[in-house]
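Student: Please read through the structure below; I'll follow up with questions.
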Amino acid sequence: MDKLQAVVLRALLTRSGWQQYGEVVTPDVITNANVQAVLTHIRTLHEKGENDITTEALRLVIQASHPYGSDRADELCNVVSQMEEAQEVP
């Protein structure tokens, strides 16, 4: 995942970021399968709630969506870690 994708995903965790850009940033405009999957989880969380999403909540949803000890869950949680390292955009 490159820095731009990390910054975009991090911005989409906030409710205001999602409201402004959620319709523009869709899985079909992203080429990285792991980023697409994380974006899908972010979309699901925003559809279910009205608050900002924490990275902890995102990790829990990822882990709950994949079998225990799944390499896929580890890969997606790694994307979340890279998002945390990205500079937050106001």
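Student: Placing +1 at every Lys and Arg Cβ and -1 at every Asp and Glu Cβ, with all other atoms neutral, what dipole size does the chain have around its Cα centre, in debye to the nearest 20?
Tutor: Numbers: 7 positive and 13 negative charges, 23 e Å.
My answer is approximately 120 debye.
Student: If each DSSP helix of 4+ residues adds -39,500 (n - 2.57) and the sum is divided by the residues in the chain, what number results at 222 nm, nearest 500 deg cm²/dmol?
Tutor: -20500 deg cm²/dmol, from helical runs alone.
Student: Still on this structure: Hey, what angle do you get for helix 71-85 against the long axis of the chain, alpha-carbon based, 0 to 90 degrees rounded to 10?
Tutor: Approximately 40 degrees, to the nearest ten.
Student: Excluding N34 itself, what net charge comes from residues whose Cβ is under 13 Å from its Cβ, given Lys and Arg +1 and Asp and Glu -1? Don't jump to the answer; show the numbers that get you there.
Tutor: Details: positive: R72; negative: D2, D71, D74, E75.
Residues near N34 contribute -3 overall.
Student: Rounded to the nearest 0.05, what FRET efficiency do Q19 and T54 have when you use their Cβ-Cβ distance and R0 = 25 Å? List each step's numbers first, then the result.
Tutor: On the way: r = 18 Å, r/R0 = 0.70.
The calculated FRET efficiency here is 0.90.
Student: Angle check, please: helix 3-12 long axis (alpha carbons) against the longest principal axis of the chain (alpha carbons), in degrees 0 to 90, nearest 10.
Tutor: 80 degrees
Student: Using Cα pairs under 8 angstrom and six or more residues apart, how large is the relative contact order of the chain, in percent? List each step's numbers first, then the result.
Tutor: Details: 82 pairs, mean separation 35.9, N = 90.
Relative contact order for the chain comes out at 40 percent.
Student: Oh, and also: Over all directions, the average projected area of the alpha-carbon convex hull for the range 3-79 comes to how many nm²? Don't skip to the answer; put the middle values down first.
Tutor: Working: hull surface 19.3 nm².
So the mean shadow area of the Cα hull is 4.8 nm².
Student: Out of A37, A64, A11, any idea which swings most in a Gaussian network model of the chain, alpha carbons joined below 10 Å?
Tutor: Result for the chain, Cα springs under 10 Å: A64 fluctuates most.
Bear in mind these aren't lab numbers, they're just calculated from the coordinates by the rules spelled out. Nothing here was measured: the structure is a model prediction, and the numbers come from that model. Glycine also receives a Cβ, built like all others from the backbone with ideal geometry; neighbour counts cover every protein chain displayed.
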